[in-house]
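Input: a single structure, listed below in structure tokens.
The values are calculated or read from the model by the stated rules, or taken from the named source; none is laboratory data. Fair warning: this is a prediction, and the values are worked out from it, not measured in the lab. Cβ coordinates were reconstructed from backbone atoms using ideal geometry, including for glycine residues, and neighbour counts include every protein chain displayed.
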Amino acid sequence: MFTQKTIEKIEKDFKRVEPYVEKFKNIFDSADERERICLKYYYAYMPVSDLATYDASLFLKIIRHTLKVYDMNIFGVDIPEDIFLNYVLHYRVNNENIEYNREIFFNELYERIKGKSMYQAALEVNYWCLEKATYTPTNPRTVSPLTLIKNAKGRCGEESTFTVTALRSVGIPARQIYTPRWAHCDSNHAWVEVYIDGRWRFLGACEPEPALDRGWFKVPATRAMLIDTRVFSDIVYEDEEIIHRNGIFTELNLTSNYAKTKKLTIKVLNTGGRKVKVRFEVPNYCELSPIAVLETDENGIVSITTGLGDLHVHVTDGEKFMTCKVDVRKQEVVILDFANAVLKETSNTTIKLVPPVATVEDEDTIQDPVHEARIQHCNKVRAAFENTFITEEKGRELAKKYPGFHDDVARILVESKGNHEEIKAFLDSDNGIPFKYKVLLLKSIASKDLTDSTCEMLNDHLLYAYPFRDCFYEDIFVKYVLNPRIYLEMLSPYRGFINNFFDDNTKKEFVENPRKIYDYINEIIEDATEMDYRTLIASPQGTLQLKRASKISKKVLFVAICRSLGIPARFNPNDQELEYYQDGKFIRVVPYEPKEMVKLTLNCEEKLQYFRNFTIARLVNGWYQTLNFRGHDSTTFELEEGCYRILTGQRLDDGTMLFNAYFVELVKGNDLTLDVSIPKEEKIMEPVVISDYTFVTDEGNITLSDVLPKDYNIVAYVEPSKEPTEHLFRELMEEADIIKNKDIGIVLISANTNESVEKLISLFPELILIKTNDKDFAEMLLVQLGHKKGNYPVQALVQKTSEGILNALCYFSGYHVGSVSLMLKNA
């Protein structure tokens, strides 16, 4: 099934990792010839974290299932070998935990797709995916597909990972598509492509449509500056633009599949024959966020295919740098003279970055009753499963058996969702340890961790941490000894292994001087950062066994060894450097000369909100690195000496971003107060008079003008559980104080409700909810606002005048992150 050329490449590339796979020789010996070449394909390009963490028996099971489905040839089609290898056979989609799920998914899906074409089967798989999960925003850790089913909800990266896995389980080539940052609003997105009839087609993950190449993100994608996909191998035969390639990982530029594009070339002169790095940046969360970092060739040239909008380009040799704005609509070649590069910037400036305009024409918005009925059925199936979760009422009832910890246990059981049996098993386990410490452990981890933690893993951490409970104050013990969570790794049981791995004398030396742990790791564990995918972290046990790991996996191992031996340890929350606790304070593992701290105070007439309308970036090795001051309420900052860029920004209604850029050099002994301002908004929207409307509901007829509760009201037709609507709901919750202070009403029109709607109602008791299946109002409103039909949610800030006229002062439709704050500025 594979050509000799492909086999020879796999065999050649496998040789570089063959010594590390020796421990799995028995697995290779048990495989037939075809299975062995598949195993070699996996291992030839396998990230070192996966090599350390997972057993070859897991991979052989995945291979055997995939080959079985391949031999069945359910759809009667021939799949090119590179497409099969990368997008059917491969076990990894993103940075999810790897598990054996394909057979489970296949067994549920086969009867539903049997007899269908691959096109129709892809649509059917997506209906099944919606039965299992829908959208909700969560933290950055990507849960596995089976955990997503346990949660019944996840963010777009998790939904797309799940959907790709389901498609591959039945032999449909699939891949995750990603825009790292939107240029027109503050977020990103991931979706799915399937390879059918010789070309790639797209679909929204867990967002079924009656046809491929449809989805709410189709319009935003036309405004993207970069859309890409990741291939976890070096076998790429397709004629696609490669952004990055390192032998184990290939990144492909797919922007031209979705948007009008142009090839932009940057020529950097006078580099002294050195290659320099070029960072292409777009405005996102009030920072200049990189979407790609490319290295020039020996002639100082680099090219990228990108959307027809503005880019901010930053070029550096690691010391000197230069920046410029590029209008891709007008420019194809940009020549920069590196002789003009600087060590620091001093002149304040204003930057205006205009995103591409949307280019999708209206599509047929006629409702498909069969499709709508299927969507309702999917939601009912998923809701029925969610009804098996522990409710707040049931949680309180179950928690009665744990006196003294009633509220904590009730919350933990509710937040564990479909994993509540594992959590309850841990709570009920008889290990002789006071119940208090079980609760403290569970409270130390995030809600998402509660949904995939096992009883075995939790007990491992509890049993080996408990003996050190009286050695430190309780908060130090809980956070930095008992806590299983170190960084963004998949939680695993490693403390028993670590305690048995080292002899007593070694452990004693480590406890007396934790720096010896750091030295041991650097001496014994080979650095293989270049052989890893940047967001993967190996298990501590796997790292010790393989003796080969990335820098981040080695750092996690250091903390894991410390905590296993009762030494409080952590990543410093500000700079992620390693620290251990000794004599009442945290000590950096790698000593450094403490920099003098300088106080920077920002004065601004408007309220400053970090990552909303300002950010601070420090100049390090020729790059600006944005500092993380999320949740920092004060406008005074303690910063190290050095050069900084302060950006204040305003996102305009059309997605254009205005920045004021301030450059300062902080010197010890010279605290600085800096006057800054938010760029003034350019008025774009003109008020639109909208028609009144009478809704037909089960409770009777409701006229919009009669129920508007305030002079100014946010009126929105919404689709609960769909991602664009859930973004709107989240923004309404985040802006609750401003909405209440400005006395703004909220009117939602929807065919159904969900958990998010219930939260909004509890937060805004005066919220008006009009439940109706009537979409005519939404379509009428879209037409009157001049927007695309069927582009939901449609939302407007509506003013009701004394004459009864309804004026839409600010209005949006579809996916538009930041719309609520823009509407509030007009109230």
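In region 397-421, what count of residues is obtained for those that are in a helix (DSSP H, G or I) and either small (Gly, Ala, Ser) or closer than 22 Å to ASP452 by Cα (or both)? Quick ask: steps written out before the conclusion?
So in region 397-421, the residues in a helix (DSSP H, G or I) come out as 397-401, 406-415, 417-421.
Imposing the further condition that a residue be either small (Gly, Ala, Ser) or closer than 22 Å to ASP452 by Cα (or both) reduces the set to 398-399, 407-415, 417-421.
Number of matching residues: 16.
Given the conditions (1) out of contact with any Gly (no Cβ under 7 Å at 6 or more places or on another chain); (2) farther than 30 Å from GLU474 by Cα; (3) assigned to a strand (DSSP E or B); (4) not polar (S, T, N, Q), report the number of the one that GLU579 does not fulfil.
(2)
Could you check region 486-524 and list, in sequence order, the residues that are part of a loop (DSSP other than H, G, I, E, B), at pLDDT 95 or above and surrounded by 15 or more Cβ atoms within 10 Å (Cβ to Cβ)?
Selection gives ILE486, GLU489, MET490, LEU491, SER492, PRO493, TYR494, PHE502, PRO514.
Residues are listed down the side, and each one gets a yes or a no for (1) assigned to a loop (DSSP other than H, G, I, E, B); (2) in the same structural domain as THR161 (by TED's automatic domain parsing); (3) of a type outside the set (Lys, Arg):
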position: ASP13; (1), (2), (3): no, yes, yes
position: LYS23; (1), (2), (3): no, yes, no
position: MET46; (1), (2), (3): yes, yes, yes
position: LEU51; (1), (2), (3): no, yes, yes
position: ASN94; (1), (2), (3): yes, yes, yes
position: TYR100; (1), (2), (3): yes, yes, yes
position: TYR110; (1), (2), (3): no, yes, yes
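Could you tell me which numbered condition GLU372 fails, if it satisfies all but one of (1) surrounded by 15 or more Cβ atoms within 10 Å (Cβ to Cβ); (2) not assigned by TED's automatic domain parsing to the domain that holds THR296?
(1)
Can you tell me which residues in region 525-552 are assigned to a helix (DSSP H, G or I) and more than 16 Å from TYR20 (Cβ to Cβ)?
Looking only at region 525-552, we keep the residues that are assigned to a helix (DSSP H, G or I), and these are 529-531, 540-546, 551-552.
Listed by number, the residues that qualify are PRO540, LYS551, ILE552.
Can you pull out the residues in region 470-498 that are touching a helix residue (DSSP H, G or I) at 6+ places or on another chain (Cβ under 9 Å), more than 19 Å from PHE426 (Cα to Cα) and not hydrophobic (A, V, I, L, M, F, W, C)?
Hits for region 470-498 are ASP470, GLU474, LYS479, TYR480, TYR487, GLU489.
Any idea which of ILE62, ILE98, ILE83, ILE104 is more than 22 Å from THR6 (Cα to Cα), among the hydrophobic types (A, V, I, L, M, F, W, C) and in contact with a Phe, Trp or Tyr (Cβ under 6 Å, 6 or more places away or on another chain)?
Working: ILE62 fails: more than 22 Å from THR6 (Cα to Cα); ILE83 fails: more than 22 Å from THR6 (Cα to Cα); ILE104 fails: in contact with a Phe, Trp or Tyr (Cβ under 6 Å, 6 or more places away or on another chain).
After ruling out the rest, the residue left standing is ILE98.
Tell me yes or no: at least one residue of region 531-554 is outside the structural domain of TYR45 (by TED's automatic domain parsing), surrounded by fewer than 21 Cβ atoms within 10 Å (Cβ to Cβ), among the β-branched types (Val, Ile, Thr) and touching a residue at least 24 places away in the same chain (Cβ under 8 Å).
Checked region 531-554: at least one residue is outside the structural domain of TYR45 (by TED's automatic domain parsing), surrounded by fewer than 21 Cβ atoms within 10 Å (Cβ to Cβ), among the β-branched types (Val, Ile, Thr) and touching a residue at least 24 places away in the same chain (Cβ under 8 Å).
Return only the number of the condition from (1) without any contact (Cβ under 8 Å) to a residue 40 or more places away in the chain; (2) out of contact with any Asp or Glu (no Cβ under 9 Å at 6 or more places or on another chain); (3) of a type in the set (Val, Ile, Thr); (4) within 30 Å of SER721 (Cβ to Cβ) that VAL414 does not satisfy.
That leaves (2) as the condition not met.
Please list, ordered by first then second residue, the pairs with beta carbon atoms under 7 Å, 6 or more apart or interchain, first in region 71-96 and free of Cβ contacts under 8 Å to residues at least 60 places away in the same chain, second in a loop (DSSP other than H, G, I, E, B).
TYR91/ILE98
Could you run through region 336-349 and say how many residues are of a type outside the set (D, E, K, R) and over 16 Å from LEU674 (Cα atoms)? If you could, list the steps in order and put the result at the bottom.
Residues of region 336-349 of a type outside the set (D, E, K, R): 336, 338-343, 346-349.
Retained after the next criterion (residues that are over 16 Å from LEU674 (Cα atoms)): 336, 338-343.
Residues in region 336-349 being of a type outside the set (D, E, K, R) and over 16 Å from LEU674 (Cα atoms): 7 in total.
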